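Beneath this line is the structure, given in structure tokens, with notes to follow.
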Amino acid sequence: MTDHAVFFQDVTRTFGPVRAVDGLDLTIDRGETVALLGANGAGKSTSVSLLLGLLAPTTGQVSVLGGTADQAVAAGRIGAMLQDGGLMPGVTVGALVRLACRIYPRSRPVRQLLADADLTSIADRRTDRLSGGQAQRLRFALAIAGNPEVLVLDEPTAAMDVESRRAFWTTIRGYAADGRTVLFATHYL
């Protein structure tokens with residue numbers, strides 16, 4: 001189990017009578033890129049929440065990098081871009097990225113992070129003045145600020161135009177090529 005980046009064993013998560021995740025077995029090795037592909041309501045976001053320790057499984061076991069999700073999050077070994085992650089209003093893009101980089105001991109350089117997320121030209125813009133696609137790119141920058149070993153992306157290209165999507169996937173391929181594990185949940189093929 002310790003050789004795996006992500007490990008789910010017979011994981012179930014219920015919400016009252018609704019079984020959102022039903023007996024999920026999933027093993028993702030370090031360095032792999034994996035997609036959870038399914039329709040809305042298929043349990044993708046619930047599975048991501050279980051992986052991040054935001055929810056506890058009703059039954060089964062979840063492991064991240066050989067430990068608990070809480071341990072991986074606390075150590076900065078896992079980064080996440082959630083579907084509906086909020087941003088601090090009134091703060092500039094650059095200030096928020098610099099703050100995120102200060103939190104982590106092994107953070108990426110701020111300039112590189114802004115460039116990787118295509119945010120350099122809007123670094124002085126307030127977060128509450130961003131388009132949907134720009135906000136998604138900022139969420140991505142915040143997710144990789146700590147240089148995590150495991151990157152979790154939940155519907156990462158929502159609100160992005162075609163060109164931004166292409167640039168985003170190019171960046172993800174480069175991030176994964178460095179040996180990092182990437183898991184994304186999406187309903188887009």
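As an exercise, use a Förster radius of 25 Å and the Cβ-Cβ distance of THR59 and GLN83 to find the FRET efficiency, rounded to the nearest 0.05. Could you put the intermediate results ahead of the total?
Working: r = 25 Å, r/R0 = 1.00.
For THR59 and GLN83, the calculated efficiency is 0.50.
How compact and how long is segment 1-146, expressed as Rg and Dmax of its alpha-carbon atoms in Å?
Expressed in Å, the Cα Rg and Dmax of segment 1-146 come to 16.9, 48.
Could you report segment 120-174's accessible area per residue, 1.4 Å probe, as an integer in Å²? Walk me through the numbers on the way to the answer.
On the way: 2370 Å² over 55 residues.
Heavy-atom SASA per residue in segment 120-174 reads 43 Å².
For the chain, what is the calculated [θ] at 222 nm in deg cm²/dmol (nearest 500), taking -39500 (n - 2.57) for each run of four or more DSSP H residues and dividing by its residue count? Don't skip to the answer; put the middle values down first.
On the way: 6 runs with 61 residues, N = 189.
Counting only the DSSP helices, I get -9500 deg cm²/dmol.
List the residues, sorted by chain then number, that are 5 or more residues from ALA80 or on another chain and whose placed amide H is less than 5 Å from its amide H.
Amide H neighbours of ALA80, under 5 Å, 5+ apart: VAL152.
Would you mind calculating the gained length between THR92 and ALA115 on full extension (0.36 nm times residue separation, minus the Cα-Cα distance), in nm to one decimal?
6.7 nm
For segment 95-154, just the Cα set please: Rg and Dmax, both in angstrom.
Final numbers for Rg and Dmax: 10.9, 31 Å.
Using the Kyte-Doolittle scale, which helices in the chain average at least -0.5 and also have C-alpha atoms spread 18 Å or more along the helix axis, with helices defined as whole DSSP H runs? If you can, show how the numbers build up before the last one.
On the way: long enough: 132-144 (19 Å, 0.27); 162-177 (23 Å, -0.31).
Those that pass (Cα extent of 18 Å or more, hydropathy at least -0.5) are 132-144, 162-177.
In sequence order, what are the phi-derived ³J(HN,Hα) couplings for segment 154-161 according to the Karplus relation 6.51 cos²θ - 1.76 cosθ + 1.60 with θ = phi - 60°, rounded to whole Hz, with x for glycine and proline?
10, 6, x, 9, 4, 6, 8, 6
On the accessible surface of the chain, probed at 1.4 Å, how many percent belong to carbon and sulfur atoms? Walk me through the intermediate numbers first.
Working: 4750 of 9360 Å².
C and S fraction of accessible area: 51 percent.
The values are calculated or read from the model by the stated rules, or taken from the named source; none is laboratory data. Owing to the predicted nature of the structure, the values given are computational and were not obtained by experimental measurement. Neighbour counts run over all protein chains shown; Cβ positions are idealised from the backbone, glycine included. Accessible surface areas use protein heavy atoms only, side chains included; no ligands, DNA or RNA. Shrake-Rupley method; radii C 1.70, N 1.55, O 1.52, S 1.80 Å.
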